[in-house]
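The values are calculated or read from the model by the stated rules, or taken from the named source; none is laboratory data. Values in this document were obtained by computation on a predicted structure and should not be read as measured data. When we count neighbours, we look across all protein chains shown, and the Cβ atoms used for this are built from the backbone with ideal geometry, even at glycine. With ligands, DNA and RNA removed, areas are computed over all heavy atoms of the protein, side chains included. Shrake-Rupley method; radii C 1.70, N 1.55, O 1.52, S 1.80 Å.
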Amino acid sequence: SDLSIASVEGNQVTIHKAGTVTITASQPGNEDYLPAAPVSQQLTISKGSQVITFDELNEAAFDADDIILQATSSSNLPITFISSDPSIASVNGTTLTIHKAGSINITATQPGNDNYFPALDVTQTLVILKAPQA
């Protein structure tokens with residue numbers, strides 16, 4: 001059995017990651033009984049699902065400071081943010097920098113890994129208003 005996928009201690013199985021592992025039960029016998037024939041079963045651990053939480057974005061003025069984007073995945077894997085129009089506002093990591101007035105969509109994405117399926121993308125709209133002038 002692959003101990004990196006799951007391990008057994010006594011009668012308890014501890015899951016470590018997604019995959020398939022063979023678990024074998026055996027009984028060595030005693031002074032009255034011969035050993036029992038070992039019995040093997042496969043255990044398949046499927047990838048987990050995950051959900052992104054990405055709150056609505058407030059309107060921002062053209063001359064606003066950078067916005068720190070915040071979203072989480074239920075798997076605690078890192079989120080990537082994508083701007084629908086980097087000429088209006090661009091994203092670098094979690095920092096959104098406004099370049100001009102307009103409306104854009106910011107998409108939070110998480111592609112999954114060996115243990116989690118990709119999350120469904122979550123998109124929020126950000127309206128960037130023209131800055132007032134004096």
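Which of the residues that make up region 1-47 are in a loop (DSSP other than H, G, I, E, B) and surrounded by 12 or more Cβ atoms within 10 Å (Cβ to Cβ)? Result: SER1, ASP2, ILE5, HIS16, LYS17, ALA18, LYS47. Within region 1-30, residues that are more than 17 Å from ASN115 (Cα to Cα) sit with their Cβ atoms under 7 Å from residues that are at pLDDT 90 or above and in a loop (DSSP other than H, G, I, E, B), at 6+ positions apart or across chains, in these pairs: GLN27/PRO35; PRO28/PRO35; GLY29/PRO35. Return the residues of region 67-86 that are assigned to a loop (DSSP other than H, G, I, E, B) and under 14 Å from VAL127 (Cα atoms); say none if nothing qualifies. Of everything in region 67-86, those that are assigned to a loop (DSSP other than H, G, I, E, B) and under 14 Å from VAL127 (Cα atoms) turn out to be SER84, ASP85, PRO86. Kindly check whether there is at least one residue in region 85-99 that is modelled with pLDDT of 95 or more, among the charged types (D, E, K, R) and surrounded by fewer than 16 Cβ atoms within 10 Å (Cβ to Cβ). Within region 85-99, one or more residues are modelled with pLDDT of 95 or more, among the charged types (D, E, K, R) and surrounded by fewer than 16 Cβ atoms within 10 Å (Cβ to Cβ).
Whenever a residue of region 87-105 is within 12 Å of GLU59 (Cα to Cα) and aromatic (Phe, Trp, Tyr), it has no partner that is part of a loop (DSSP other than H, G, I, E, B) and open to solvent by less than 60 Å² (accessible area, probe 1.4 Å) lying with C-beta atoms less than 9 angstrom away and at least six residues away or across chains.
Confirm whether ALA71 is open to solvent by less than 40 Å² (accessible area, probe 1.4 Å) and either of a type in the set (Phe, Trp, Tyr) or within 30 Å of SER7 (Cα to Cα) (or both). Against the criterion (open to solvent by less than 40 Å² (accessible area, probe 1.4 Å) and either of a type in the set (Phe, Trp, Tyr) or within 30 Å of SER7 (Cα to Cα) (or both)), ALA71 does not qualify. Of all residues in region 53-68, those that are open to solvent by 100 Å² or more (accessible area, probe 1.4 Å) and closer than 20 Å to ALA119 by Cβ total 2.
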